[in-house]
Amino acid sequence: MTALVVEGLVGGYGPDDQVVKGVGLTVAPGRLVCVIGPNGAGKSTVLKLLAGLLRPMAGSIRVFGQAVTPASPRAMIAAGCVLVPQERNVFGALTVEENLLMGAYTERGRAKSRIAEAYARFPLLRERRRQAARTLSGGQRQVLAMGQALMAAPRLLMLDEPTAGLSPVAAQELFATIRALADSGMPILMVEQNALDALHVSDEAVVLVDGRNAHGGPARALAADPTIRRLFLGGRAVPDTTKEMSA
Ligand SMILES: Nc1ncnc2c1ncn2[C@@H]1O[C@H](COP(=O)(O)OP(=O)(O)O)[C@@H](O)[C@H]1O
Ligand SMILES: [Mg+2]
């Protein structure tokens, strides 16, 4: 059964504010789907609508066949959709293990076994479990943020620009971790600004322009498409290798 089917999604930041003007997308089980598009296209807003942080004005959302209405983040977590936001996604002053515990707040009874699962999946988190999250590298912090999200046992994981601010090497490493998570069966919807790198690691892609689907299809085909390459290679920022994500 399809993990996520979104049709005709419309919404924004106020009653008359349509940032997302009709977006559709599908995520099959174990698939990694990326949403790419120019700055301001509405990619993060789509994730906020799907996470229940904003209320859609129109559209339908089905999670494993079940129609869901994003009334609140809590309702969406209950439906199995968990978002890892782009920024401030871990508590720097807390240890790695305390951050994981924060992710288990909906089901305290399961926290111990879920932490064991997170350590099995991401051994670096076990090695650093007593360290404050602020001492982690940018890439390690993103892994912690994913581990924290997995504590709620989602059926679908949504990632907003996981590689933002990472060095190219750290970004490649994180993409490999995200790919492995999808291959283990977790459906993932990932927004990325590193468009071409994201296409290389994803199964499917949706290109958003001005709040609407502009292109879509198998990621490999889009990566080879001259129109897409021009759209993203032309406007691509030079990767900053000197700066990792700061506190
Ligand atoms: N909190 C907000 N309040 C009002 N408008 C916002 C807010 N966040 C984003 N927007 C506007 O919504 C549009 C799309 O933003 P966003 O979804 O963040 O784009 P993307 O993630 O594709 O770069 C932009 O025009 C932006 O100015
Ligand atoms: Mg964004």
Item to check | List His215, His200, ordered by accessible area with a 1.4 Å probe, largest first | outcome: His200, His215
Checklist entry - With each label point set 7 Å from Cα along the Cα-Cβ vector, what nm distance links Ala176 and Ala120? => result 2.3
Item to check | Within the accessible area of the chain (1.4 Å probe), percent carbon and sulfur | outcome: 52
Next on the checklist: So if a site counts as exposed when it's one of the chymotrypsin sites (Phe, Trp or Tyr not before Pro), its DSSP state isn't H, G, I, E or B, and it has at most 14 other Cβ atoms within 10 Å, what's the longest stretch of the chain without one?
Outcome noted: 106-247
Checklist entry - How would you order 54-63, 162-171 from highest to lowest mean count of nearby Cβ atoms within 10 Å? => result 162-171, 54-63
Checklist entry - Using a 1.4 angstrom probe and counting only protein chains, how large is the accessible area of Lys21 in Å², to 10? => result 60
Checklist outcome for this item: Which residues qualify? For Leu208, with a placed amide H closer than 5 Å and at least 5 residues away or on another chain, they are Ile36, Gly37, Ala214
Checklist entry - Using a simple charge model, +1 on the beta-carbon of Lys and Arg, -1 on the beta-carbon of Asp and Glu, nothing else, what dipole does the range 90-153 show about its Cα centre, in debye to the nearest 20? => result 80
Checklist outcome for this item: With a Förster distance of 41 angstrom and the Cβ-Cβ distance between Ala224 and Ala67, calculated FRET efficiency to the nearest 0.05 equals 0.70
Checklist entry - With charges only on Cβ, +1 for K and R and -1 for D and E, what is the dipole size of the chain about its Cα centre, in debye, rounded to 20? => result 520
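The values are calculated or read from the model by the stated rules, or taken from the named source; none is laboratory data. Quantities reported herein were computed from a predicted structural model and do not represent experimental measurements. As a convention, Cβ positions derive from the backbone with ideal geometry for all residues, glycine included, and neighbour counts pool all protein chains shown. Just the protein is used for accessible areas: all its heavy atoms, side chains included, with ligands, DNA and RNA removed. Shrake-Rupley method; radii C 1.70, N 1.55, O 1.52, S 1.80 Å.
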